[in-house]
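The values are calculated or read from the model by the stated rules, or taken from the named source; none is laboratory data. Worth saying up front: this structure is predicted, and the values here are computed from it rather than measured. Because the Cβ atoms are built from the backbone with ideal geometry, glycine has one as well, and the counts that use them run over all protein chains shown.
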Amino acid sequence: MNQDALAPYYADLARMSFSPGWARPAPSIWPAPQPKFKPAVWRLVAAKAALDQAGDFVPVEQAERRNLIMVNPIEGNTYATTRNIVAAYQMVKAGETARSHRHSPAALRLVVAAKPGTYTVVNGARIDMLPGDVVLTPSWSWHGHVNESDATSYWIDFLDVPFVQHAEAMFFEHHPEGLVTVTSTGPTPMRFPAGDPLGSGKEAKIAEIAKDVLPTFGLHFVRLPASTRADVAKTTTNYVYSPVRGAVRFTAEDGTDETVGPGDVIAMPCWHAHSYQAETDAVIFRVSDEPLLAKLGLTRTQPE
Ligand SMILES: [Fe+2]
């Protein structure tokens, strides 16, 4: 039967919201990952300068939104850093507070610059924020930020918002009282001081923190002595790296060759084999979505 004669048939299908599997405009299933996201880098020095400018015109009432989202520069993307993770630089100025709220996406922060007196309040617990610390905000926990120091604080937020958007499981609300009152100040399982999990020593080492606390996130500190290199094969896991100490050169088969330092961020999306080499003794904070993919049976690494 010729195509013209079939036109009414296909029009009928479309009207009934059917799509014929034998005439799809593009395949739905393919033999191996075809990642859309690509390696990309963001620099702390640029973020700080831009946030400092924003401090002049974004009012304190919007302090919790005074951030710069690291948007992977691929066509059509307006938000995500990698497929399931978004990262953003945030600034809270001396004397400011950022209103408490909660949301179904899980979040964590890597503190870049902060003086004593900067803290996050998570469900009433005061969690101090010092450079290199990682602070967790599990799904649906109240959180707000306070900067009682005399200097601007900067940190990097990581959230699983792109995944939660995809799942259409988004919830958000402001705290009715503005800022959650501090009800406890002791040690908290939601704070991981810089590099502590690696212990003393200088050898190459990788240490996981907060295992199973945030179900979507895998969080690791990686210690790499100068000149040592780590190789990562093609995998379905998406990685975002930020050095806490030292300078690290990242290379990937797409031609990426970037040396990043403390506070810089580099995304290595799935199915991009890559390497990173310490140019000086380095500690790197690594964020991934590996636990999320593992729960779904979707972790796969290309065999050598
Ligand atoms: Fe938040």
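Might you let me know whether segment 167-187 holds any residue that is free of Cβ contacts under 8 Å to residues at least 24 places away in the same chain and under 18 Å from the mean Cα position of the chain (by Cα)?
Looking through segment 167-187, at least one residue is free of Cβ contacts under 8 Å to residues at least 24 places away in the same chain and under 18 Å from the mean Cα position of the chain (by Cα).
When residues of segment 5-33 are filtered for being in contact (Cβ under 8 Å) with a residue 12 or more places away in the chain and farther than 29 Å from Thr301 by Cα, how many remain? Before the answer, list the steps.
Initially, segment 5-33 is screened for residues in contact (Cβ under 8 Å) with a residue 12 or more places away in the chain, giving 10, 23, 32-33.
Then drop every residue that is not farther than 29 Å from Thr301 by Cα, which leaves 10, 23.
Of the residues in segment 5-33, 2 are in contact (Cβ under 8 Å) with a residue 12 or more places away in the chain and farther than 29 Å from Thr301 by Cα.
How about segment 155-263: which strands (runs of 3 or more DSSP E) wholly inside it have at least 3 residues that are assigned by TED's automatic domain parsing to the domain that holds Pro138?
On the way: elements: 172-174, 205-209, 218-224, 229-232, 239-245, 248-252, 257-260.
Of the strands (runs of 3 or more DSSP E) lying wholly inside segment 155-263, those with at least 3 residues that are assigned by TED's automatic domain parsing to the domain that holds Pro138 span 172-174.
With the checklist (1) out of contact with any helix residue (DSSP H, G or I) (no Cβ under 9 Å at 6 or more places or on another chain); (2) over 18 Å from Pro269 (Cα atoms) in hand, flag the one item Ser19 doesn't pass.
Checking Ser19 against (1) out of contact with any helix residue (DSSP H, G or I) (no Cβ under 9 Å at 6 or more places or on another chain); (2) over 18 Å from Pro269 (Cα atoms), the one that fails is (1).
Cβ-Cβ below 8 Å, separation at least six or inter-chain, first residue in segment 101-118 and outside the structural domain of Val287 (by TED's automatic domain parsing) and touching a residue at least 24 places away in the same chain (Cβ under 8 Å), second of a type in the set (Gly, Ala, Ser) and within 11 Å of the ligand (Cβ to nearest atom): which pairs?
From segment 101-118, the pairs are His101/Gly144; Arg102/Ser141; His103/Ser139; Ser104/Ser139; Pro105/Ser139; Ala106/Ser139.
I'm trying to understand the selection: among the residues of segment 176-189, which are closer than 30 Å to Ser288 by Cβ and within 15 Å of the ligand (Cβ to nearest atom)?
Val180
One line per residue, one yes/no per condition, for (1) modelled with pLDDT under 95; (2) in a loop (DSSP other than H, G, I, E, B); (3) within 16 Å of the ligand (Cβ to nearest atom); (4) crowded, with 19+ Cβ neighbours inside 10 Å:
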{"residue": "Val41", "(1), (2), (3), (4)": "no, no, no, no"}
{"residue": "Ala47", "(1), (2), (3), (4)": "no, no, no, yes"}
{"residue": "Gly55", "(1), (2), (3), (4)": "yes, no, no, no"}
{"residue": "Thr82", "(1), (2), (3), (4)": "no, yes, no, yes"}
{"residue": "Gln90", "(1), (2), (3), (4)": "no, no, yes, yes"}
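Residues of segment 136-160 being within 16 Å of the ligand (Cβ to nearest atom), surrounded by fewer than 23 Cβ atoms within 10 Å (Cβ to Cβ) and β-branched (Val, Ile, Thr), which ones?
Hit for segment 136-160 is Val146, nothing else.
Which of the residues that make up segment 216-255 are under 11 Å from Ser288 (Cα atoms) and of a type in the set (S, T, N, Q)?
Applying the first criterion (under 11 Å from Ser288 (Cα atoms)) to segment 216-255 yields 216-220, 236-241.
Once the filter is applied, which keeps residues that are under 11 Å from Ser288 (Cα atoms) and of a type in the set (S, T, N, Q), segment 216-255 yields Thr216, Thr236, Thr237, Asn238.
One residue is enough: does segment 92-103 have a residue meeting the conditions in a helix (DSSP H, G or I) and either buried (at least 16 other Cβ atoms within 10 Å of the Cβ) or within 16 Å of the ligand (Cβ to nearest atom) (or both)? Don't jump to the end; show me each part of the working.
Start the filter on segment 92-103 by keeping residues that are in a helix (DSSP H, G or I), which leaves none.
Within segment 92-103 (the criterion being in a helix (DSSP H, G or I) and either buried (at least 16 other Cβ atoms within 10 Å of the Cβ) or within 16 Å of the ligand (Cβ to nearest atom) (or both)), the answer is no, since none of the residues qualifies.
Restricting to segment 104-126, and then to whatever is surrounded by fewer than 16 Cβ atoms within 10 Å (Cβ to Cβ) and modelled with pLDDT of 95 or more, can you tell me which residue is farthest from the ligand (Cβ to nearest atom)? Break it down into steps so the answer makes sense when it comes.
Within segment 104-126, the first condition is being surrounded by fewer than 16 Cβ atoms within 10 Å (Cβ to Cβ), and the residues that meet it are 104, 116, 124.
Filter once more, keeping what is modelled with pLDDT of 95 or more: 104, 116.
Details: Ser104: 11, Pro116: 23 Å.
The qualifying residue farthest from the ligand (Cβ to nearest atom) is Pro116.
Which residue is farthest from Thr120 (Cα to Cα), if the candidates are limited to segment 57-78 and must be in contact (Cβ under 8 Å) with a residue 60 or more places away in the chain and within 15 Å of the ligand (Cβ to nearest atom)? It would help to see each step written out before you state the result.
Residues of segment 57-78 in contact (Cβ under 8 Å) with a residue 60 or more places away in the chain: 63-64, 67, 70, 72.
Next, from what is left, pick out any that are within 15 Å of the ligand (Cβ to nearest atom): 63-64, 67.
Working: Ala63: 13, Glu64: 12, Asn67: 16 Å.
The qualifying residue farthest from Thr120 (Cα to Cα) is Asn67.
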